[in-house]
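The values are calculated or read from the model by the stated rules, or taken from the named source; none is laboratory data. Please read all numbers here as calculations on a predicted model, not as lab measurements. Glycine also receives a Cβ, built like all others from the backbone with ideal geometry; neighbour counts cover every protein chain displayed. Heavy atoms of the whole protein, side chains included, go into the accessibility calculation; ligands, DNA and RNA do not. Shrake-Rupley method; radii C 1.70, N 1.55, O 1.52, S 1.80 Å.
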Amino acid sequence: MQAQRLAIPDVVLLTPKVFGDDRGFFFESFNAEKFAAATGVDVQFVQDNHSKSQRGVLRGLHYQLPPNAQGKLVRVVQGEVFDVAVDLRRNSPTFGKWVGEILSGENKRQLWIPAGFAHGFVVTSDTAEFLYKTTALYAPSAERCIAWDDPDIGVAWPLTAAPLLSPKDAEGVAFTVADTFA
Ligand SMILES: Cc1cn([C@H]2C[C@H](O)[C@@H](COP(=O)(O)OP(=O)(O)O[C@H]3O[C@H](C)C(=O)[C@H](O)[C@H]3O)O2)c(=O)[nH]c1=O
């Protein structure tokens, strides 16, 4: 597995070793030992999620506050998304900054997004199936949202039209220092 620390170094892009043969392919989608070696963190995942979305759907920017903050290991098994992480750690030199990567069934890349980040993605294929592991359970009371197009964050989403949003994501909650991470 190859690991690349992004412009926000705690966010790591993982590219698995894929074994192809005339039957198809095999790769380890998660290996605790290799993950720890690649990211430098030892995490326990407690939940797996799977969502399917059509082109133009944008889910995010979401996060859960402590003590329910979630680290996420995200990947796409079919289609393509532009996946974004936003640093919400007030003491971080990259506080309020974002990084984004293309994840697809084709490139099989994964993004490790630690607790302390908001997360979201937009679908850039006809459909996309998005799978991810989290280090804390779903806790709706601890969930917070930031507007996908918040000007203070300024994510450069690859959009050709207005995104398709859930009512929650359409509320447009502005980014503020409140509800961020120490
Ligand atoms: C996240 C979640 C949701 N749900 C239920 C709650 C709703 O009835 C339904 C859809 O939830 P929601 O619209 O919040 O789903 P997404 O917009 O995909 O939310 C996710 O979007 C971004 C990309 C994230 O990183 C988060 O993991 C998560 O917030 O599933 C659950 O039962 N468990 C869960 O863990």
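So which of 34/97; 108/168; 72/168; 34/168; 97/168 end up more than 26 Å apart, counting from Cα to Cα?
Working: 34/97 28 Å; 108/168 29 Å; 72/168 20 Å; 34/168 36 Å; 97/168 23 Å.
Distance filter (> 26 Å) returns 34/97; 108/168; 34/168.
What whole number of Å gives the distance from the Cα centroid of the range 25-50 to the Cα centroid of the range 62-127?
So the two Cα centres are separated by 15 Å.
Calculate, in nm to one decimal, what residue 19 and residue 50 gain on full extension: separation in residues at 0.36 nm each, minus their alpha carbon distance. Mind dumping the intermediate values first?
Details: separation 31, 0.36 × 31 = 11.16 nm, distance 2.39 nm.
Taking residue 19 through residue 50 to full extension adds about 8.8 nm, to one decimal.
Classify the range 30-94 as rounded, prolate or oblate, taking a ≥ b ≥ c as the square roots of the eigenvalues of its Cα gyration tensor: rounded when a/c is under 1.5, otherwise prolate if a/b is larger than b/c and oblate if not. Could the numbers behind the result be given before it?
Details: a/c = 1.76, a/b = 1.20, b/c = 1.47.
Taking the square roots of the gyration eigenvalues as a ≥ b ≥ c, the range 30-94 is oblate.
Top to bottom by accessible area (1.4 Å), largest first, where do 39, 135 land?
On the way: 39 10, 135 40 Å².
Result of the area sort, largest leading: 135, 39.
Direction-averaged shadow area of the convex hull around the Cα atoms of the chain, nm²? Each step should come with its number before you reach the end.
On the way: hull surface 42.0 nm².
Quarter of the Cα hull surface area: 10.5 nm².
Once you have the Cα-Cα distance between residue 107 and residue 27, take 0.36 nm times their residue separation minus that, and quote the gain in nm to one decimal.
27.6 nm
Tell me whether the range 107-182 comes out rounded, prolate or oblate; compute the Cα gyration tensor, take square roots of the eigenvalues as a ≥ b ≥ c, and use a/c under 1.5 as the rounded threshold. Intermediate results must be reported in sequence, preceding the final value.
Working: a/c = 1.62, a/b = 1.12, b/c = 1.45.
It is oblate, given that a/c is not under 1.5 and a/b is not larger than b/c.
With a point put 7 Å past each Cα toward its Cβ, work out how far residue 137 is from residue 156 in nm, to one decimal.
4.1
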